[in-house]
Amino acid sequence: MLILGVASILVVGYFVREWMWRDIEDQIRGDALSIQSNTELYVRQILLINNCQINEDSFRKCMNDIIVQLKKTGEYEVALYDMDGEVLQRSDKNRFSGEDKRADFQRAKNKESAFTVNYGREETCEVYLTMPVQIMNQDIGIISYYMDYNNVYHQKWNSIQSILRITVLAFGIIFVLIWIMISRMVKPIRDLSRVSSAMSRWLKEGKMNDGMEADFQYCERKDEVGELSRNYVQMLRVTEEQFAKIQEDRDRILMLWNSRQEFYNNVTHELKTPLTTISGYAQLIEENGLNDEELFYNGMEHILQESTRLHRMVVQLLEMQNKESIAGVRPLNVTDLLKDVIDAMQMKAGRYENRLLLKGAGTYMIEGREDRIRQVFINLIDNAIKYGEPKKDIVISIAARARMVRIAVINKGDGMDEEELSHIFEPFYRVDKECSRELGSSGLGLAITKKIMEEHGGSIEAECSPDGYTIFKVYFPLMQKVRRKE
Amino acid sequence: MDRISNRIGRYFVGYMLTISLLCGCGMKEVSKTIVLPEENREEAENGSIEIKDIHEYTYEGNGNELGYIAWDQEDEDSLWIVRDAGADTGMHAYYAQKIDMDTKEILENILLDEREISNGQIAPGGKYISFETWEESMIGLVIFKTSEQEATVLREWEDATEMSCYAWSGDGTKFFSWTDGNYCKQNPYQDWSICRYDMETGEKIEIQFEGNEYFWRTVVPNRDGSKVYITENGMEQSRNTLDMVMEENSAEDGTARTVALHRILDMNTQEICNLGDQLTEMAFPMFDTEAGLIAKDRDDHIVLYQDLTTSPAKKDLLTLDYMNAEVFACEQGDHIFLVEGDQDNRYMQVVGMQIEDGEVTGQQVLYKGIAGNDATVAIHPMDHAVAIQSSDYIENDRWRITITVLEY
């Protein structure tokens, strides 16, 4: 491209110079023709005025008058020659020397009028016009003129140079403008490229730079580049969102995996513990058998106890994994159900000298499975009895909250801190493992309760007050009253 | 993406370096030889007027020299001129000289007047010289008879604003005067007259005309002075206010819309023949020749009118290329000479044309002079020579006056 540009400049320069020369030569040609006709007229006049014949001798005789006359007409330098080319008279000897080497002189000797233009290095232009003088069909001599066209040439060359300078300047400005335009156009593309490259690196490392969209300078142009920029920003935004979602899913998967692993560990541990007890007592009984009656009965009791607990745990585990859809859903009066459960649990509560108190009135209808909801109430009240302080009332309240019915079980006990509260709904989680195991807890009750609440579109919460009250709240969505179509 | 900008930047730098390099390079020497065509010479040789001889008579004078020139009717090769010999003394001494152009000899040298003279002419043939002169407050119209060396005052007046125009008949025996409203400092609309003075008989005929809006008058006598061609130019009457405004506006830049009245006046019978609409394009008549009336129209065309009073016919002869070209025609009407500046407008040149049947058959430059272009011309009555008097400034109010005679 550079070579092409240079070549084009050279070609243009060549043609410009040729055009200028041609223009000058046309002007010189016109002047030469005029000089030629005037010269013959003047020479003839001079010869006639001097009463001379039209011949070479007269030409030679009147050469001084001719030189003076011709010089006056055009302020040129003039030289006269005979037909053989011998010099007769010259107005300036320095200008007229070495005529034989000039092509115009040779032409004149061959009876042709011609002029030679010499373009010099320093913007000079000299012209030699040589013509045979022919009057009344007689060739009487040769006249040569020296004409100085330096001023004309200089003016034209200056004009050309001015035009060239303006052209160069114009092209330079155009270049700069194009460069600016291209830079402006390329900059957003450059940003796109940079951000794309950074995003590739981040993604390869499994990361995403949240500030990437902010780093990318938004291009507000309304052309294709601006549209590309806006689309790219949208793509970045979507990519960031998707990446965040992927990370969230990954974290959840990891959490679930960990939970599964923990669940598995807990299950195996909980299963192993009673089995170990059962196996141990069974071995003892087998070894000592009937010889140690106390050991036999004690051992059998433990075996029975642990096997019962194991059986209960397995049932609960199965219940937890039960993905059976919530079939058998029907409208229930949750108040009546709660009262029924409270009545059934009063006896157990009485063992610990606790009382179950129901607070709240009103009939609240929900939709659900009675056995599952009953189990929820049983679990909560059972926990309140097992982990609450004896000789304390356990308050069960029922009230409507927005479109939900809330049942709260409140008991006084050791309480739990925030950390414990955040885990208590996890399977097999126990605040005090040994204590709850002794109490026959498998650690699955609250997890099952939470699952049941989720099945019914409800929720469960737990909180502890600073003075040791533990509050469990369950929310059931109230059944919507549907108008019968009349 | 940087490559695009950088690429353009590299191109720009390369471009500038190249430009700088080329601009720094000097031009080499070149020589060219171009041959001129031969047609120029061939065309020149086709002209039908051939100059057979040229005579020049040169003298020096001051700025008061008068360009009066006329051929002598008896000596074919002699010219009459008027010279001011008293300029060096600060006085005036006008002499009428008769020069033999062959020998350059002064054949006669007659004192004309010692007062300042103006508005003069030498009658064709050189027998009479007319001029105005003044002494104290009186202005006189004087006719000087060269053969008798006598001066006759035709008229005297005191009003310096009164100015007249003069012309001689072609035979140089009758003298005409009239007033032209263009030069009249008085009321141009006043009545005017044409006077004819017969130098041979002494008869004076004055014909009165009513003044009107056509006050730019040109009078051209015929050869023997029996008739005069009169052209009166004036502004066209405005029809309404808009026309008046338009004409006033056009008049400011000198392109006034003019109309002309053309008539032929028989001085002997005083009959006036009004020429019709055929001549509306004519600006003014110039020469009455045997071939017809040579005139100039409004487009600066030189035309030939024939049979004016019966069935006028107009023929276009030529168009003046130069505004300051002066036209002269011989009595026969077959030669016309233009005196004008050359194409560079530096020197005077004489262009000759031959007319045949109303057509220009040949045109060529007959003479180029080194003098200026203000020239006086006299064509020989025999139509074989033309005399041109021109002047060239030397210095200190010294002029070189050259009389050139071209014989053809």
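The values are calculated or read from the model by the stated rules, or taken from the named source; none is laboratory data. These numbers were taken from a predicted model, which means no experiment stands behind them. Note that we place each Cβ from the backbone using ideal geometry, even for glycine, and neighbour counts take in every protein chain shown. What goes into the accessible areas is simple: the full protein's heavy atoms, side chains included, and nothing from ligands, DNA or RNA. Shrake-Rupley method; radii C 1.70, N 1.55, O 1.52, S 1.80 Å.
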Inset, instruction - Go through segment A:258-299 and count every residue that is over 25 Å from A:Glu319 (Cα atoms), open to solvent by 70 Å² or more (accessible area, probe 1.4 Å) and of a type in the set (A, V, I, L, M). - result: 1
Inset, instruction - Test each condition in (1) at the interface with another protein chain (Cβ under 7 Å from one of its Cβ atoms); (2) at pLDDT below 80; (3) open to solvent by 60 Å² or more (accessible area, probe 1.4 Å) for A:Ser193 and report the one that comes out false. - result: (2)
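So which of A:Lys61, A:Lys72 ends up being open to solvent by 70 Å² or more (accessible area, probe 1.4 Å), away from chain B (no Cβ under 12 Å) and closer than 30 Å to B:Thr404 by Cα? Give the steps one after another, and end with the answer.
Working: A:Lys72 fails: away from chain B (no Cβ under 12 Å).
Of the residues listed, the single one that is open to solvent by 70 Å² or more (accessible area, probe 1.4 Å), away from chain B (no Cβ under 12 Å) and closer than 30 Å to B:Thr404 by Cα is A:Lys61.
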Inset, instruction - Collect the residues in segment B:184-229 that are open to solvent by less than 50 Å² (accessible area, probe 1.4 Å), of a type in the set (Val, Ile, Thr) and modelled with pLDDT of 90 or more, keeping them in residue-number order. - result: B:Ile194, B:Ile205, B:Ile207, B:Val219, B:Val220, B:Val228
Inset, instruction - Those residues that are surrounded by 14 or more Cβ atoms within 10 Å (Cβ to Cβ) and at pLDDT 90 or above, I need them from segment A:319-332; list them, please. - result: A:Leu332
Legend entry - Odd one out for A:Leu254, checked against (1) open to solvent by less than 80 Å² (accessible area, probe 1.4 Å); (2) at pLDDT 85 or above; (3) within 24 Å of A:Leu444 (Cβ to Cβ): (1)
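Considering only segment A:300-318, I want to know if a residue exists there that is over 30 Å from A:Asn266 (Cβ atoms) and open to solvent by less than 70 Å² (accessible area, probe 1.4 Å). Quick ask: steps written out before the conclusion?
Going through segment A:300-318, the residues over 30 Å from A:Asn266 (Cβ atoms) turn out to be none.
No, segment A:300-318 contains no residue that is over 30 Å from A:Asn266 (Cβ atoms) and open to solvent by less than 70 Å² (accessible area, probe 1.4 Å).
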Legend entry - All strands (runs of 3 or more DSSP E) inside segment B:353-408 with 2 or more residues being out of contact with any strand residue (DSSP E or B) (no Cβ under 8 Å at 6 or more places or on another chain) and open to solvent by 60 Å² or more (accessible area, probe 1.4 Å): none
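Within segment B:295-310, track down each residue that is of a type outside the set (Val, Ile, Thr), outside any loop (DSSP other than H, G, I, E, B) and within 20 Å of B:Cys330 (Cβ to Cβ).
So the first thing to find is which residues in segment B:295-310 are of a type outside the set (Val, Ile, Thr), and the list is B:295-301, B:304-308.
Subset that is outside any loop (DSSP other than H, G, I, E, B): B:295-297, B:301, B:304-306.
Within segment B:295-310, B:Ala295, B:Lys296, B:His301, B:Leu304, B:Tyr305, B:Gln306 meet the criteria.
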Inset, instruction - Among the candidates A:Ile278, A:Ile303, A:Ile285, single out the residue that is in contact with an Asp or Glu (Cβ under 6 Å, 6 or more places away or on another chain), part of a helix (DSSP H, G or I), of a type outside the set (Gly, Ala, Ser) and over 30 Å from A:Ser196 (Cβ atoms). - result: A:Ile278
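Any residue at all in segment B:266-280 that's at pLDDT below 85, of a type in the set (Asp, Glu) and under 23 Å from the mean Cα position of the chain (by Cα)? Spell out the reasoning first.
Of segment B:266-280, the ones at pLDDT below 85 are B:274-280.
With of a type in the set (Asp, Glu) added as a condition, the list becomes B:277.
Filter once more, keeping what is under 23 Å from the mean Cα position of the chain (by Cα): none.
Checking segment B:266-280: not a single residue is at pLDDT below 85, of a type in the set (Asp, Glu) and under 23 Å from the mean Cα position of the chain (by Cα).
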Inset, instruction - Spot the failing condition for B:Glu132; the list is (1) over 25 Å from B:Gly170 (Cα atoms); (2) surrounded by 17 or more Cβ atoms within 10 Å (Cβ to Cβ), and only one is missed. - result: (1)
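Need at least 3 residues that are within 14 Å of chain B (Cβ to nearest Cβ) per element, so show me which strands (runs of 3 or more DSSP E) inside segment A:78-186 make the cut, counting only ones lying wholly within it.
Numbers: elements: A:87-90, A:114-119, A:125-135, A:138-148.
Where strands (runs of 3 or more DSSP E) fall fully within segment A:78-186 and carry at least 3 residues being within 14 Å of chain B (Cβ to nearest Cβ), they are A:114-119, A:125-135, A:138-148.
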Inset, instruction - Keeping to segment A:29-46, report how many residues are at the interface with chain B (Cβ under 8 Å from one of its Cβ atoms), more than 18 Å from A:Gly141 (Cβ to Cβ) and out of contact with any Leu (no Cβ under 8 Å at 6 or more places or on another chain). - result: 1
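Against the definition (free of Cβ contacts under 8 Å to residues at least 60 places away in the same chain, in contact with a strand residue (DSSP E or B) (Cβ under 6 Å, 6 or more places away or on another chain) and aromatic (Phe, Trp, Tyr)), how does A:Phe105 come out, yes or no?
Values: free of Cβ contacts under 8 Å to residues at least 60 places away in the same chain: yes; in contact with a strand residue (DSSP E or B) (Cβ under 6 Å, 6 or more places away or on another chain): yes; aromatic (Phe, Trp, Tyr): yes.
Judged against the criteria, A:Phe105 is a match.
Looking at segment A:452-479, which of its residues are in contact with a Gly (Cβ under 7 Å, 6 or more places away or on another chain), part of a strand (DSSP E or B) and either among the polar types (S, T, N, Q) or under 16 Å from A:Phe377 (Cβ atoms) (or both)? Reasoning before the result, please.
Let us first name the residues in segment A:452-479 that are in contact with a Gly (Cβ under 7 Å, 6 or more places away or on another chain), namely A:456, A:464, A:468, A:470, A:474-477.
From what's left, part of a strand (DSSP E or B): A:464, A:470, A:474-477.
Once the filter is applied, which keeps residues that are in contact with a Gly (Cβ under 7 Å, 6 or more places away or on another chain), part of a strand (DSSP E or B) and either among the polar types (S, T, N, Q) or under 16 Å from A:Phe377 (Cβ atoms) (or both), segment A:452-479 yields A:Thr470, A:Val474, A:Tyr475, A:Phe476.
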